[in-house]
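This report refers to the structure that appears directly beneath it.
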Amino acid sequence: MQYRRLGKSGLQLSALSFGAWVTFGKQVGRSLARNLLATAHDNGVNFFDNAETYNNGVAETLMGDVLADLRFPRDSYCVSSKVYFGAVDNPLPTQRGLSRKHVIEACNQALQRLRVGHLDLYFCHRPDPDTPIAETVAAMDTLVRQGKVLYWGTSEWPAEAIVEAHRVAKENHMYAPVMEQPQYNLLHRERVEQEYAPLYDTYGMGTTIWSPLASGLLSGKYNQGVPAESRLAQPGYEWLKEAVLEHDASRLDKVKRLAPIAAELGVSMAQLAIAWCLVNPHVSTVMLGASKLEQLEHNLGALALLPKLDADVIRHIEQAVA
Ligand code: NDP
């Protein structure tokens, strides 16, 4: 495993990490969750990502249960939660968003579900237009000072809102966001590469990037249709199928153009797509998702490909997805 600093913070995360979205509590039950976390940890993965909203808290409960069972030393891994969407269907106004009340209550609930004394990383899952940024920054600062959260960050916030959070934090001597959690993959790049470009040096932000395979699309598994049991065939995720596969047909063409490049390198398309994310030095960690143990084991192999992605190969990849 390779380890990277989370921006300019002192925290070092494994370049490949592992998250629970869609899978934990839905496609993945207790026994497989245990195998996935054990395999990840055995391979040097030190960051497990979660959120209050993933299967309405069930993903956190399952992860907490398995982490307790596996008895990894608490100082050998990091675990996160994210607040905003709530952990129930049709949440009341106090059960969602980034108010001081919900940020603090959601943190306490995540600590209970995950069975840990602190969250290593805690994210504001989306910006909240109904809460002043200063209120959210102050709530996060409180949690850091209480020792319940070590590093706080944002997820899919516009750059200008992140800048505002830093301004408020600096003016009030409060803890500022350390990391962003944006989508980043070969088909979705603008925010990380352009919008956030000024943030890395100025504020020392790191990134924990999500959907490196665009929900599996970049593995090539959807090239001939939607396999039964795949993510895009899951009941309740029709919206994701529309967003990933149907909204823009050119995405599938780009994926198909990547196939010969992967073949020439002697790797799978999934490994190529994951390794490509790691070429960007502003990516602190690439969060993997997996519904099967073989997927995780296979995707961890992407790290070995990194040295082969020289300027020539990158140019071919850029041409394929242009
Ligand atoms: P990916 O884009 O890598 O998608 C993972 C899915 O792709 C797997 O569950 C599996 O789905 C399929 N897959 C994985 N590997 C392979 C393979 N080798 N061959 C074929 N299919 C494969 O990542 P995620 O979208 O899961 O994102 C990673 C993590 O990021 C999440 O778990 C979550 O923690 C976080 N996240 C954060 C968000 C945010 O808003 N902050 C949003 C989304 C995710 P299947 O087998 O079911 O087809």
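The values are calculated or read from the model by the stated rules, or taken from the named source; none is laboratory data. A quick note: this is a predicted structure, and the numbers were derived from the prediction, not measured. Virtual Cβ from ideal backbone geometry, glycine too; neighbours counted across all protein chains shown. These accessible areas exclude ligands, DNA and RNA; they are computed on the full protein's heavy atoms, side chains included. Shrake-Rupley method; radii C 1.70, N 1.55, O 1.52, S 1.80 Å.
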- Task: Within segment 78-88, identify whether any single residue is touching a Lys or Arg at 6+ places or on another chain (Cβ under 6 Å), touching a residue at least 24 places away in the same chain (Cβ under 8 Å) and away from the ligand (no atom under 13 Å from the Cβ), and answer yes or no.
- Result: yes
- Note on the structure: Exception for Ala249 within (1) more than 27 Å from Phe47 (Cα to Cα); (2) of a type in the set (Gly, Ala, Ser); (3) open to solvent by less than 70 Å² (accessible area, probe 1.4 Å) falls at (3)
- Test set (1) within 30 Å of Ser9 (Cα to Cα); (2) of a type outside the set (A, V, I, L, M, F, W, C); (3) open to solvent by 40 Å² or more (accessible area, probe 1.4 Å); (4) within 23 Å of the chain's Cα centre (by Cα) - Pro307 fails condition number: (4)
- Name every residue in segment 118-136 that is free of Cβ contacts under 8 Å to residues at least 40 places away in the same chain, out of contact with any strand residue (DSSP E or B) (no Cβ under 7 Å at 6 or more places or on another chain) and open to solvent by less than 60 Å² (accessible area, probe 1.4 Å), in order of residue number. Pro127, Thr131, Ile133, Ala134, Glu135
- Go through segment 167-188 and give me each residue that's open to solvent by 60 Å² or more (accessible area, probe 1.4 Å) and of a type in the set (Phe, Trp, Tyr). Tyr175
- Item | Every residue from segment 272-298 that is open to solvent by 30 Å² or more (accessible area, probe 1.4 Å) and within 19 Å of the chain's Cα centre (by Cα) | Val279, Pro281, His282, Gly289, Lys292, Leu293, Gln295, Glu297, His298
- Item | Near pairs, Cβ below 6 angstrom, 6+ apart or cross-chain, from segment 210-232 (open to solvent by less than 50 Å² (accessible area, probe 1.4 Å)) to any residue that is of a type in the set (S, T, N, Q) and near the ligand (Cβ under 6 Å from one of its atoms) | Leu213/Ser219; Arg231/Ser215
- Just one of the numbered conditions (1) within 13 Å of the ligand (Cβ to nearest atom); (2) farther than 28 Å from Ala51 by Cβ; (3) surrounded by fewer than 14 Cβ atoms within 10 Å (Cβ to Cβ) is not true of Ala322; which one? (1)
- Those residues of segment 272-301 which are among the polar types (S, T, N, Q), touching a residue at least 60 places away in the same chain (Cβ under 8 Å) and near the ligand (Cβ under 8 Å from one of its atoms), in sequence order: Ser291, Asn299
- Which of the residues spanning segment 256-271 are open to solvent by less than 50 Å² (accessible area, probe 1.4 Å) and in contact (Cβ under 8 Å) with a residue 60 or more places away in the chain? Leu258
